[in-house]
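Below: the structure, in structure tokens.
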Amino acid sequence: LAFRSPKNATDRLIALVRMPAGNLAEGQLTHVERTEVDTELADKQWDGYVAALEENGWTTREVGFADTMADSVFVEDTLVLLGETAIVTRAGTESRRAETEAAEETARDLGLRIERIMSPGTLEGGDVLKVGSTVYVGRSSRTNADGIRQLRAIAAPLGYSVIAVPVTRALHLKTTMTALPDGTILGHPDLVDDPSFFPHYLAVPEREGVAVVVLSENTVLMSQSAPATAALLEDRGYTVVSVDISEFEKLEGCVTCLSVRVR
Ligand code: CIR
């Protein structure tokens, strides 16, 4: 349902990633208290994340390094991909607005059609969860009603229906839930405002367990911080690839935020 395999050898799975900035430790925090970030460890963990994508059949493309844009490693927030269309977002926090320039350039290089969210709209990629032709979008502190309206206007002619859902307990919708290849939504009771929006909902035991990157029809990438959720998914027949992203979790990041998947 949610996962599309490459049609042929030239139709590759591509993931955009962006190397951590020198001032990573100064990233924005909203729902989490600041604890010290080990930037050397963060660099190693980022290498591990990229390696996990590559080892599982993905080609990574780096968005131009931005040494002083603290949150630029969370590249997912800058673009929303709907088929061959890349929607350049407009961050809800001033400090992240400039991140889109290089991301747009990379999207153009890949031959994607460009659309954009314009002022006064705000929308961050972390608030957008695609499940088949349904696009759930979080109405969060970063994504406003105008941003959602613009997304709907772009998505409708492409065949997607947009459903807005409240997000008050975490930064982004995808910090509270993501989807398995079969469309099951993984969420955590402490984080999800209203599970009744989602027809196939599964509560997982750990907060970090809600975030999965779908690598293939039966493989998902997860944070090492959620071993009980990993066991649950393995019981359901999934292969789980775990990565340590502790330093990014200190900055309210998760496995999805660290890449934009183009498939
Ligand atoms: C921020 O506050 O914007 C970053 N520190 C974290 C962004 C995480 N991105 C995401 O969940 N998609």
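Numbers for the structure displayed
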| read-out | value |
| --- | --- |
| Of residues in region 227-245 being out of contact with any strand residue (DSSP E or B) (no Cβ under 8 Å at 6 or more places or on another chain) and small (Gly, Ala, Ser), the one surrounded by the most Cβ atoms within 10 Å (Cβ to Cβ) | 231 |
| Counted residues, region 95-129 - those being within 14 Å of the ligand (Cβ to nearest atom) and of a type in the set (D, E, K, R) | 5 |
| Any hit, region 40-52, residues being modelled with pLDDT of 95 or more, in a loop (DSSP other than H, G, I, E, B) and not acidic (Asp, Glu) | no |
| Answer from 113, 207 - the residue that is among the basic types (Lys, Arg), surrounded by fewer than 19 Cβ atoms within 10 Å (Cβ to Cβ) and closer than 24 Å to residue 91 by Cβ | 113 |
| Residue within region 83-92 that is hydroxyl-bearing (Ser, Thr, Tyr), in a strand (DSSP E or B) and within 28 Å of residue 150 (Cβ to Cβ) present | yes |
| From the options 26, 84, 62, residue that is surrounded by fewer than 19 Cβ atoms within 10 Å (Cβ to Cβ), touching a strand residue (DSSP E or B) at 6+ places or on another chain (Cβ under 8 Å) and farther than 27 Å from residue 155 by Cβ | 62 |
| Single residue of region 137-147 satisfying the filter (away from the ligand (no atom under 13 Å from the Cβ), surrounded by fewer than 22 Cβ atoms within 10 Å (Cβ to Cβ) and not charged (D, E, K, R)) that is nearest to the chain's Cα centre (by Cα) | 144 |
| Wholly within region 157-263, strands (runs of 3 or more DSSP E) carrying at least 1 residues that are of a type in the set (Val, Ile, Thr) and in contact (Cβ under 8 Å) with a residue 60 or more places away in the chain | 177-179, 213-216, 219-223, 239-243, 260-262 |
| From the options 100, 106, residue that is farther than 27 Å from residue 193 by Cα, surrounded by 18 or more Cβ atoms within 10 Å (Cβ to Cβ) and over 16 Å from the mean Cα position of the chain (by Cα) | 106 |
| Members of region 13-32 found to be part of a loop (DSSP other than H, G, I, E, B) and within 13 Å of the ligand (Cβ to nearest atom), listed by number | 18, 20, 21, 23, 27, 28, 29, 30, 31, 32 |
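The values are calculated or read from the model by the stated rules, or taken from the named source; none is laboratory data. Keep in mind it's a predicted model, so treat the numbers as computed, not measured. Methodologically, a virtual Cβ is constructed for each residue, glycine included, from the backbone with ideal geometry; neighbour enumeration extends over all protein chains shown.
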